[in-house]
Amino acid sequence: MLFSEILTVLNQSDSAVVLTGHRHPDYDSVAACLLMQQFLKQCGINAQICLYGKMDAHSATVLQKQGYNPEALFSPVPKNAVLILCDCHTTTQPGKVVACADHHPVIDAPDIPVYLNRSASSAGRIVYQEAVTYGLQTNRETDFLALASVYMDTRACRSTKFQAADKPWI
């Protein structure tokens with residue numbers, strides 16, 4: 001299970017925990033980071049989101065309507081941080097990558113201590129589902145982030161990326 005393994009790795013480190021997505025993050029990348037941050041907080045882990053690149057205007061607008069300040073999510077990675085990648089499996093951000101939650105197909109799995117890559121409509125959906133499986137509490141905000149990540153990453157559930165297994169959940 002993703003959270004059990006992440007907590008094991010993080011409890012062996014005293015470094016700052018940073019969540020980051022792919023360069024020029026879309027809504028799913030940001031939502032996966034926000035979900036991971038909220039669920040890690042329930043486990044007593046404070047994690048900072050440090051995105052890079054430029055967010056698309058549509059994602060920024062939706063996040064603002066949800067009460068987030070998208071610009072506040074873009075900051076430099078603290079020195080000696082450990083990274084958890086959300087919605088990507090590589091990064092140019094400085095720091096040691098210790099975990100990854102992604103839904104993009106890869107030919108060769110990267111060498112990351114905790115690596116979860118499976119077919120899903122969105123990375124946000126993976127983080128949410130793993131948190132529920134681990135027994136973490138969801139709320140209206142986490143429900144919306146996960147649902148919106150699927151909706152926005154699959155072009156309103158009409159793209160080939162949409163997974164039939166997610167249909168009953170939506």
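The values are calculated or read from the model by the stated rules, or taken from the named source; none is laboratory data. Remember, it's a predicted structure, so these values are computed and weren't measured experimentally. Note that we place each Cβ from the backbone using ideal geometry, even for glycine, and neighbour counts take in every protein chain shown. In case anyone asks, the SASA skips ligands and DNA or RNA and just uses the protein heavy atoms, side chains included. Shrake-Rupley method; radii C 1.70, N 1.55, O 1.52, S 1.80 Å.
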Worksheet item: Can you give me the relative contact order of the chain as a percent, contacts being Cα pairs under 8 Å and 6 or more apart?
Response: 25 percent
Worksheet item: Cα-Cα over 25 Å: which of 41/65; 79/161; 41/79; 41/167?
Response: 79/161; 41/167
Item to complete: List the relative contact order of segment 1-94 as a percent without decimals, with contacts defined as Cα pairs under 8 Å and 6+ residues apart.
Response: 39 percent
Worksheet item: What does the charge count near residue 99 come to, summing +1 for each Lys or Arg and -1 for each Asp or Glu among other residues with Cβ under 12 Å from its Cβ?
Response: -2
Worksheet entry | Inter-site label distance for residue 56 and residue 140 at 7 Å from Cα along Cβ, in nm | 2.8 nm
Item to complete: Identify all aspartates and glutamates with a Cα-Cα distance to residue 96 below 20 Å; exclude those on the same chain that are fewer than 8 residues away in sequence.
Response: 5, 14, 87, 108, 111
Worksheet item: What accessible area per residue, rounded to a whole number of Å², is obtained for the chain using a probe radius of 1.4 Å?
Response: 51 Å²
Practice prompt. Can you check what the net charge comes to around residue 82, using other residues whose Cβ is under 11 Å from the Cβ of residue 82 (Lys, Arg +1; Asp, Glu -1)?
Written response: 0
Fill in: Modelled FRET efficiency - R0 41 Å, residue 106 with residue 46, Cβ distances, 0.05 increments
0.90
Worksheet entry | Fully extended contour minus Cα-Cα distance, from residue 90 to residue 14, at 0.36 nm per residue | 25.1 nm
Worksheet entry | Rounded percent of accessible protein surface that carbon and sulfur make up, the chain, 1.4 Å probe | 50 percent
Worksheet item: Taking the Cα centre of segment 13-170 as the origin and placing charges on Cβ (Lys, Arg +1; Asp, Glu -1), which of 164, 51, 90 is farthest toward the positive end of the dipole?
Response: 164
Worksheet, complete the sentence: CD proxy, 222 nm, the chain: helix-only mean residue ellipticity via -39,500 (n - 2.57) per DSSP H run with n ≥ 4, per residue, nearest 500, stands at -11000 deg cm²/dmol
Worksheet, complete the sentence: Log10 I(q)/I(0) at q = 0.08, 0.11, 0.15 Å⁻¹ for the chain, from Debye over equal alpha-carbon scatterers, is -0.20, -0.40, -0.77
